[in-house]
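Derivation of every value follows stated rules applied to the coordinates shown; laboratory data play no part. Because the structure is a prediction, the values reported are computed rather than measured. Cβ placement follows ideal geometry from the backbone for every residue including glycine, while neighbour counts extend to all protein chains displayed.
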Amino acid sequence: MARDVRLLDAPFNPASYVEKFTGAHPGLGGVCTFVGEVRSDDDVEALELSHYEPLTLAGMEKLADAALQRFDLMGILILHRVGAMAPGEPIVCVSACARHRRDAIQAVDFAMDHLKSDAWFWKREKRGGTWSWIEPRDQDHADLARWG
Amino acid sequence: MAVRVVFLGKLADLANAAELELEAPLDWAGLLDHLHGALGEAVAAEKVKLALNGAVLADKTQLSAADGDEIALLPPVSGG
């Protein structure tokens, strides 16, 4: 079963990764892909993600393994940016392929809820020339609780 | 050799540095001795976790670091 998990420190084109990923799984019944981009909120000028190499990538690999175990997948792709990004740039891409659609769709939803609230990333945003750190949100815990 | 201390998220701002080297051996009390003011308070807060060589400790006050070890101080992760 194929697992492809990467941290990327430069802008990336999700479509080119997804094309290679699906090409490597002939016979799939469905592929579900989510791409998250930096939201153009009000006056946000930039978003910066920092990570801690020994924990962040290992945690993402564990998450991919959990998705493979929980859902009937042929493969899963998880890409996450680190570093500084401008609004409109892709920040995350999760793609799952499976024999049947529901496993692919649910695996992506599961991975995204965990990436948002349970992965080792620290985010800060720049508004009006000033950087400020983004704190945890209650909604993230509610999102996680969906998966028991 | 020494113990390398890495500050993540807003702890790096409070420390005015991304990392620091302290003399080994180093325990929890020894670490706090070197982190003054707001930084020391923030690190001691319950929600801040500590990893030793890439493994998060269940109880950070049980820290015992030797020459060449790396400590990471981890504030709660940001939400979506």
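Pairs of lysines in the protein assembly as shown whose Cα atoms sit within less than 22 Å of one another amount to 16, provided the residues are eight or more positions apart or on different chains. Averaged over the residues of B:67-79, the number of partner chain Cβ atoms lying within 10 Å of the residue Cβ comes to 5.
Rounded to the nearest 5, the antiparallel percentage of DSSP beta bridges internal to the range B:3-74 is 75%. Among the trypsin sites (Lys or Arg not before Pro) within the range B:12-79, those in coil by DSSP and having at most 15 neighbouring Cβ atoms inside 10 Å are B:LYS47.
For chain A, the longest piece that avoids every one of the trypsin sites (Lys or Arg not before Pro) found in DSSP loops with at most 16 other C-beta atoms within 10 Å covers A:40-98.
Could you identify which residue out of A:PRO54, A:PRO90, A:PRO14 has the top mean-square fluctuation in a GNM of chain A using Cα springs shorter than 10 Å? Fluctuation is largest for A:PRO54. With a simple spin-label model that places each label point 7 Å from the Cα along the Cα-to-Cβ direction, the separation between A:ALA10 and A:GLU45 comes to 2.5 nm. Shielding value for A:118-129 is 3, the average number of Cβ atoms from other chains within 10 Å of each residue's Cβ. A cut-off under 14 angstrom between Cβ atoms defines the neighbours of A:ALA24, and their net charge, with Lys, Arg +1 and Asp, Glu -1, is 0. If both residues of a DSSP beta bridge must be in the protein assembly as shown, then about 80% of such bridges are antiparallel. Think of the range A:2-131 as having a plus end and a minus end, set by charges on the Cβ of Lys, Arg, Asp and Glu; of A:ILE76, A:SER95, A:GLY27, A:GLY27 sits farthest toward the positive end of this dipole. A:LYS123 sits among other residues whose Cβ lies under 10 Å from its own Cβ, and their net charge, with Lys and Arg +1 and Asp and Glu -1, is -2.
Counted by Cβ distance under 12 Å from A:ASP109, the other residues give a net charge of +1, where Lys and Arg count +1 and Asp and Glu count -1.
How large is the dipole of chain B about the Cα centre if only Lys and Arg carry +1 and Asp and Glu carry -1, each at its Cβ, rounded to the nearest 20 debye? Display every interim value, and only then the final one.
Values: 5 positive and 12 negative charges, 71 e Å.
In debye, rounded to 20, chain B gives about 340.
When chain A is treated as a GNM with alpha-carbon contacts under 10 Å, the residue of A:ALA15, A:ALA86, A:ALA96 showing the greatest mean-square fluctuation is A:ALA15.
Dipole size of the protein assembly as shown about its Cα centre, with +1 on Lys/Arg Cβ and -1 on Asp/Glu Cβ: approximately 900 debye, rounded to the nearest 20. Mean per-residue shielding of peptide A:52-62 is 3, counting Cβ atoms of other chains within 10 Å of each Cβ.
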